[in-house]
Structures are given as C-alpha cells and as structure tokens.
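In what follows, a single structure is set out as structure tokens and then discussed.
The values are calculated or read from the model by the stated rules, or taken from the named source; none is laboratory data. On a predicted model such as this, the values are computed, not experimentally measured, just so you know. When we count neighbours, we look across all protein chains shown, and the Cβ atoms used for this are built from the backbone with ideal geometry, even at glycine.
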Amino acid sequence: MSFRPAHLLRLGIPAALVAATLVAVTGSASQAAQPGPYTPKFTAHDATGPKYDPNSVVVKFKPSATKAARQSALSRFKSKTDDSVTAETVEVTGELPAPELLKKVKADPTVELASLNYKRHISAIPNDEYYGEDQSIFASTVRLPQAWDLSKTSGTQIVAVLDTGVDIGHPDLAGRLVAGYNAISPGSQPIDDEGHGTMTLGLIAAAGNNAIGVSGVAWTAKAMPVKVLDFEGNGFDSDIVRGLNWAVAHGADVVNMSLGSDQDDPVLHDAIAQAVANGVVVVVAAGNDGNSVLQYPASYPEVIAVAATDERGKLSDFSSFGDWVDVAAPGVHLLSTGSRALTDPDYLPYWYCTGTSCSAPIVTGIAALVRNKYPAFTPAQIRQRLMALSRDAGPRGFDRYYGAGIVDAFAALGGKTTTDFAGGAADGNDQPSRSTHIGLTPVSGLISTEGDVDWYSINSETARNLRVSVTGARFDESTGNWANVGPEVDVYNGDLQSLGRDVNAFPPINPTTKEPIWGPLTASVDVSATVGQTYIAVRNNNGSWDSRSYSLSVTEAGSGGTSTEPAYPIRDVTPAHLSSVATPDTTPVVTFARPVAESTVTPATVMLQNGKTGATVPATVAYDPATLKATITPAAALPEATAYKIIISGVEETAGTPLAPLSIVFSTGDLIPPKLPTFTATGAYLAANVAWTLPDITDLDQVIIRQNVGGVAPTINTGTAVYTGTGTSVKVTGLKAATTYTYAGWVRDKGGKLSPISSKAVNGVKSSITTTAAAINYGGTITLKGSVLRIDNKAYAGLPVQLYGRAKNVAALKLITTLTTSSTGAVSYAIKPTTSSVYTMVFVGNADLMGTRTVDLNVAVAPTVTSVLSPTAITLGKTARFSGVVTPAHAGKLVYLQLYSARTWKNIASVKLTTTGGYAFGIKPTTRGSFAYRVLFTADADHAQALSPQRIVKVS
C-alpha cells in the first residue's frame, strides 16, 4: 500500500500548547514564539513494481513431510533456512534469484504452498497539520460514547498488533501491554523505531479515564505488540507470517494488521486462514491507494477489511475500495499515542494518525469489546455482526466504498440501532439517455456521491477531432476536504463504443524528493469524433464525493485517437442509478446500447439483488429485441426503504462480444410508515395494557406510545411517554382510580418519519360496596351490595364483578364469587361469614373501561355465648353453677365471669374453654341479696367480643 503525499504527515503536540483536554491553540499572535508542529522524516513509497526479498521465498511444507524430507528438499533447492526445519512455514534462501527459486520450490512434492517473500508497508499516513481537536468527533461517528456506557472492558481479550512495534514505556500504555514478539529480530524487544505501531496500538488500547493523553477504543484491552515492520514501515511476508503464528500461539484473540500491498501471497493467506480457523478475529486496513486495485491481505475473505472516512463519516479519497471492503471507520486526524523516542523533546508524545491504518484499529477495538460480550461468537459471527449493524453510508446497501457501512460500536454491543448516514441522490445525468447536452463552452459538475457518474453529450455535424479535459478539485485539508476529484473521463461514440479515456487519480511523486508535485488534477483525452452524438462520462477515480465542482471542457483540438477500451453496455436504466424513490411495484428496465443475443438475457445475467444482503430477488426477465429493453418483473412487491442492485453480467452482443459488466444501485422510497395494524388498550386496576402489531416495513426504528389523562388523544409532543421500542405491548402502571386515559401510538422509521396516529380511550370507573349489617353473631347472614359505574354515572349491564374476602387475621384475599351487574350497575350477594371478615369488589376492566376496586369493607362476627345458672336461688354459703357454651369453640381460650357491682361489670374469675367450647363457674356470694352475672368472650384475631346473657342469683 503506497503512502499518500506529504500533506498527510504525523505530528507531535507541543507541550506548551496542550491543555488537559488536548486542545491546541494555533494561529494566535500570542503563540508566535512557540515551536511549530513536529514533522518527523517522511518518505513516500515508491509505487513502481512489486517489492519482495530478491533472495528468499516463503514455504509451507505439507504436514505429512517429515523433518528428513524437509531437509532433503532444502538440499534439492540448494538453499537453507534460519527457521527450524520442523516448522511447517519457513523462509528459504538460496543461490537462485527469488523468482527462479520459487519455481523450483513449488514443483517439489513436499511443499504445500510457496510465495515470493513480499514486502508490505504501513497503511497510515501521519499528518503534519496541528489541530486543536480531540477524539470526540470520530468517537461520536462510530457511537463509542454510547458503547462505553454498555461496556468499557474487553475483559481478558488479547489484541495482537502486527506493526512496527511499540513504545513499551509510553505512560498512556501503562498496564495495557502483554509480552510481545520481534519477528524481524527474534530475541529482541518489539521496540517501535518508526512510530506507526505505537499509533495503531494506542488507538486500540491507550488507557482510558486516566486523566492523561487519549483513550483507546477498548479501554482495558491487553495489547500484544508484534514487530513485523522495520524502521521504514516495511516488512516481508516471512516476518508477518512468523509474527502472526507467534501471536496465535501465545493467546491472541483479535489481530490488527494495518499493513498490506497489492501482491497476493498464498502463504500469507494460509496463515491468516489458519488464525481465523483457530478462533482469532483478524482486522486489516483496506489500503491507501485511493483506487479499486485489490489489496492484500485486506481482500482475503476471512478478514474484516476496513476503509477510511474523515471524522464525520465521509469517505477519504486515499482509501482503497472494492467489493472486498467490509466496513468503514474514521481514519483522518485521529489523535493517538506517539513514540517518545521519535518525538521532538519540545512536544508531547501524541500524534495525529491518518490512513486506513488508523481506521482499522477503531474496528479492532470494537471487535475486542464485542468478543468480550459475546465470547461464544466465531470470527465469522463477529464479522457478520459488525457488518449487519453498521450504519449505511454512500450508495444504499452494501457498496464498494463503505462495504456494509460505517461501523456502529453501540449497536454491535447490543444497543439500539440509529439512522443511517445520508446517501447520495440521483443527479439526473446518470446514463447516456439522460446526458447533459453541451457545446464547446466549459461546464461544471459535481461528483455528488460515491460511485456517481455524470454523462454529457456533444453533437458533431461532421467528423472532427475533439480534446476532452476534466479538471477536479484537489485535496485541501485546510478546508476539511479530505478528497481529491481525481478525474476519470471516458468518451464514446453514438453507439457507446469507446473513443478514448484518461485518468488522473493523484498528483505525481517527485522521484528525487518523494514529495507530491502539486498542480491541477486533470484528465485529458484526444478523440476522433464521428458524425452525431459523442458521449462523455466523468467519474472520480478515487471513489469519494466532493462538494466542490469539477470543470469539463471540449475543444476542437488534437490529432484524434482510437481506443481499445470496452464499450459501455447500456443506454438507459430505470430506476435511475442512485435514485431512492422507486415504488414497491417498480419493474426495472434496462435498455442496452446495442442489440444483444436474446438467449443471453436471463435472470442469471440480468438480475435484481437486495443491495444489503446480496440475496437474489425472485423475478422474471423479458427481453424485447425491437426496443433493446430487458424488463425485470419481481415476483412480489419490493419493500420500502430497501436498497437494490441491478447486476448485468454475462450478456453478449449478437456478434458474441461480451458486454462489460455493470451494476446499477437504486432504492425504494422511504414512505411514511403505515399506522399500527392493530392497536388496543385494555383497562385494569390502576393500570392499562396497551398492545399492537408491528407493520411490515424494513426500516422500523421504534414504536412510540403516549398517554393523556382524559378523553383527548395526546399528540407526539403532548401527554406522557409510556413506551418506545420495537416490542408489541406495554403494561402501564401507577395510574389513578376513577380516571379516564387515552392512549396513542405511532410508528417511526429510521428516516424519522411518523405514521398516522392510532388511539384508544379507556374510560374511568367508580365503584362502591355496602352491607346490611356491619356486625353479626356467628351463624347470622349479611347481604353485600355494590355498584360499578362509569365516572359519568353510566351503567353497564353484564359486567363481571369479582367478590373477594378474607378472614380478618389472614393477609391474602380469596375469590368468593363473580357477580354480574344489573342494568343499573348493581350487584348483591348474601353470605354467612364464620369469622370477622374483610370484603372488597373488583372489576378488572375491559377494552372500554378501566378497572376499579372498592374500599375494604369490614364485617365483625361475634361468637354466640350461652349461659345457664342453676340454681337461681341459694342460701348464703351455698354455691350456684354458671355454665354455657361458646360457638364456635375456642378451646383453651380464657373467658371471664363478670359481676355487676357499683354500676359496672367487673371480672371476678376466668376459666379456659373446653374442646367443645364449654365453660363452668361456681358462684358463692358472701352476702345476701340479688346478684347479676355474665360471661365475657374477649375479641381475638378472628372473632369480635361477645357476652353471654346475664343471669341473676338470689341469696337468702
């Protein structure tokens, strides 16, 4: 992966300008005496040709090859290895040049895989401009603050960082490092002599919440520095494989590889595949070439390949792109730890990091957090989770610029998903049929979204030579434009056969100074235009969009020219490329540029896919040779707010020439969501149960339920919120008795649109309970009477009213019976209580009425106490017997004999009741006269106080 120009240098932060929040002050006259930004030595990569060790190759022997067989093979190769020949993967050096040695090695029967020992380089491009901003912008882009609310720990996860090593003593990495490895110089410490490794590791694991420096994505991650790149940021595959294998063998759970190049190596691929098979998550920087050239190891299917955006989520123009990109993350001006040894002493060791090398650690840190929360997940499941829960950006659905989207840490850790990033819109000139007609006067245009193509047409009455030039705006970090419009211009004749093309993606590099040669980014091509229309297609080779205009000019100049570039395959397509207003009944139509063989137009060559999942949409395809139109008819209506791709691949012209493959992206419109299909509210006592069914939409964000007191429905901004989420019911508690409540529900989609309201009122109810007697004797009967009325006194016949009761000394109520209201709302029930009791009536509520419960009604039940006096007349000194029975029996309970004296009853004796409730007292008055006696039963837990009939004895 090549470095970007020198405007992407790393920098240190002057100590004199750093506050606790790492906010720097620049451009102030009062700071004129302070030193400028630290700009360490920077060398751009030479992009000419592959880089590999000229004297060695990387070899993986077959597992069946014995040590003797491997030694024999080395002898045949006339080569040697510094590795143990018992190892499966070794670096082999010999007398022959590496390419020749590779041929011999691959032919040997003991060898499973072999490759040139490619050199790879770092993906980050440190920047030289000093910013006073900290991490908050990029952290918010991937929703790290919310994610940290869910989990700040990566537990015991070990994150291996295969890079240039680390500044082991950096204060912001204290406690974060585990033992590492130096694959370049085994036995030596993995000391960072370039600076890149300390930056990438700090983005992952710098200590958080420690009042100094910066915070890594995974605050508590244990980081394993593995040095596989040298002091220039380069490393050979043999070292990378050795370092990866060491990390896996020593417990790495997640691996960050902010490195790569455009050279495939099956040995490196095999090592990565083996690591993933062993449960290790591997995250790789997508590369900084700013084009779609395959990057390795980023394009290996087992890894998570990460593209770079600016801090706010806009694709950076240096980020490599392609269908192999999985997700994107910020990779511009990310503040991280810097090597102290490589930092000017006037500066603090914190550097700004720019490049896909910086976006990959963001994803690595999130992967560690996710792995800690879901330890049973496989690497494939973690990759799928990060992709599925990312926030769509750029063209809708999975695209070659952002992959599945910008990673969302909060959602990946189980938090609620949020809205996608804004996508591009169709600009009206996406195909030749909608080209903008121009003349010889220069015009301007915009690359309005990633993948945008602007078509123009110019008419020629006679054949003539034309020069077509496009000049784009170049990178300007001073205005926050982290993108070039690297013009790519294609010119076609009226049949859309190529006349010529030119590309200017980046400024050229001075071969001596390795610095960019700044100047206009212009693509220019001379063509021989024929009579009729000449079509011009303008793209940004870097993939990114730009708010600044490019200029297009066509002049009669040059000596003309021919082209062998592929012809453009179609003239028109509907829905338009990047459009987002297709309706569910859309039938896409492709109009080919030239006649095609009807037999080659099939659902397999002109297909409709779900833009996010890649699943083929069941459809039929019909081709009309007269109009050159292929109509795709989906088997079912297309869901709203869903991304789709029309894929053309495998269609041939009538002469047998294959058409160039083409992909068209469109989306169904984000319609106002439908109201909740069903919405019910059922009353309960001091509560209500609200239930609904969810609409069949693909972009549901949440259901919102609000409540109002009274019969008027709340609006989205009034009343009280009682629920937000994606469930189908809620129980609302804490309500007031005898009160009407009205509930309303809405559906909100991810675009923020609200459905029409659904509402339901539940009327308040009042109730009462009375009794014919509040106190009775045991064996007596009472009638309980009650009523249930709406709060405006409306009666409902047939309402079920539950009568509950309990003994006074029992806590739990028990259902006695269920009554039914009369036309007046009344109920009644005769009952013979056996103990003192508490009664209440309950109406549980229904779809129209709230529940209600009466007050508790107490009924006292006293036992019956009989009394017999015999004889009733006695002489002084004799005894009479006062006896009786207490019903129900209270065996062992004391009852008291009372004498009426001095106008009051006084206890004079007591006795315990027998098992049958009997009692007996002997009465022996000491004076002559008439005396009144009775027996007192004192109240207890289940019965009220009771008295026997009084008896009078005469003493003579």
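Summary table
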read-out	value
Top-ranked residue of the stretch 478-497 - restricted to ones that are closer than 14 Å to N541 by Cα and among the β-branched types (V, I, T), ranked as surrounded by the fewest Cβ atoms within 10 Å (Cβ to Cβ)	V489
Checklist (1) within 24 Å of G918 (Cα to Cα); (2) out of contact with any Asp or Glu (no Cβ under 9 Å at 6 or more places or on another chain) applied to P800, failing item	(1)
Among the candidates T620, T627, residue that is touching a residue at least 24 places away in the same chain (Cβ under 8 Å) and hydroxyl-bearing (S, T, Y)	T627
Count - residues of the stretch 435-458 that are farther than 16 Å from S663 by Cα, part of a loop (DSSP other than H, G, I, E, B) and aliphatic (A, V, I, L, M)	4
Residue within the stretch 244-251 that is farther than 21 Å from V90 by Cβ and at pLDDT 95 or above present	yes
Tally, over the stretch 255-273, of residues that are outside any helix (DSSP H, G or I), among the small types (G, A, S) and at pLDDT 95 or above	1
Residue, farthest from the chain's Cα centre (by Cα), within the stretch 614-631, restricted to residues that are assigned to a loop (DSSP other than H, G, I, E, B) and surrounded by fewer than 13 Cβ atoms within 10 Å (Cβ to Cβ)	A626
Count of residues meeting criterion [closer than 19 Å to V283 by Cβ and of a type outside the set (A, V, I, L, M)] in the stretch 154-189	10
Long-range neighbours under 8 Å by Cβ, at least six apart or interchain, first residue under 11 Å from M224 (Cβ atoms) and assigned by TED's automatic domain parsing to the domain that holds A223 within the stretch 172-201, second surrounded by 24 or more Cβ atoms within 10 Å (Cβ to Cβ) and among the acidic types (D, E)	L201/D163
Test: residue in the stretch 560-571 that is at positive phi and in the same structural domain as I646 (by TED's automatic domain parsing)	no
A721, sole failed condition from (1) farther than 30 Å from T852 by Cα; (2) under 33 Å from the mean Cα position of the chain (by Cα); (3) modelled with pLDDT under 95	(1)
Selection from the stretch 391-404 of residues that are over 17 Å from S292 (Cα atoms) and either acidic (D, E) or surrounded by 24 or more Cβ atoms within 10 Å (Cβ to Cβ) (or both)	D392, A393, R396
Residues of the stretch 739-754 classified as of a type outside the set (A, V, I, L, M, F, W, C), in contact with a strand residue (DSSP E or B) (Cβ under 6 Å, 6 or more places away or on another chain) and within 23 Å of R391 (Cβ to Cβ), total	3
Some residue of the stretch 380-401 being of a type in the set (S, T, Y), over 26 Å from V214 (Cβ atoms) and assigned to a loop (DSSP other than H, G, I, E, B)	yes
Members of the stretch 626-658 found to be closer than 23 Å to D420 by Cβ and either touching a helix residue (DSSP H, G or I) at 6+ places or on another chain (Cβ under 9 Å) or of a type in the set (D, E) (or both), listed by number	E640
Residue list for the stretch 273-285, restricted to those being of a type outside the set (G, A, S) and surrounded by 24 or more Cβ atoms within 10 Å (Cβ to Cβ)	V281, V282, V283, V284
Candidate set: the stretch 461-477, residues that are crowded, with 17+ Cβ neighbours inside 10 Å and of a type outside the set (V, I, T); chosen: the one farthest from A593 (Cα to Cα)	E477
Exclusive hit being in contact with a Ser or Thr (Cβ under 6 Å, 6 or more places away or on another chain) and crowded, with 24+ Cβ neighbours inside 10 Å, set D427, D408	D408
Residue within the stretch 724-736 that is over 19 Å from K416 (Cβ atoms), surrounded by 16 or more Cβ atoms within 10 Å (Cβ to Cβ), β-branched (V, I, T) and touching a Lys or Arg at 6+ places or on another chain (Cβ under 8 Å) present	no
Residue among S320, S299 that alone is hydroxyl-bearing (S, T, Y), at pLDDT below 95 and over 20 Å from the mean Cα position of the chain (by Cα)	S320
The stretch 793-808 - residue that is in contact (Cβ under 8 Å) with a residue 40 or more places away in the chain and part of a strand (DSSP E or B) and, of those, surrounded by the fewest Cβ atoms within 10 Å (Cβ to Cβ)	P800
Within the stretch 529-593, strands (runs of 3 or more DSSP E) holding 1 or more residues that are at pLDDT 95 or above, within 38 Å of the chain's Cα centre (by Cα) and not aromatic (F, W, Y)	532-540, 570-574, 589-592
In the stretch 885-907, the residues that are small (G, A, S) and farther than 21 Å from V955 by Cβ	A889, A891, G892
Residue within the stretch 850-862 that is modelled with pLDDT of 95 or more, crowded, with 16+ Cβ neighbours inside 10 Å and at positive phi present	no
Members of the stretch 755-778 found to be closer than 30 Å to D670 by Cβ and part of a strand (DSSP E or B), listed by number	S758, S759, K760
Single residue of the stretch 184-218 satisfying the filter (aliphatic (A, V, I, L, M) and in a loop (DSSP other than H, G, I, E, B)) that is farthest from D163 (Cα to Cα)	A211
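The rows are residues; the columns are (1) surrounded by fewer than 19 Cβ atoms within 10 Å (Cβ to Cβ); (2) closer than 19 Å to P361 by Cα; (3) of a type in the set (V, I, T).
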| position | (1), (2), (3) |
| --- | --- |
| N210 | yes, no, no |
| A218 | no, yes, no |
| K227 | no, yes, no |
| E232 | yes, no, no |
| S238 | no, no, no |
| G243 | no, yes, no |
| V248 | no, yes, yes |
| V254 | no, yes, yes |
| M257 | no, yes, no |
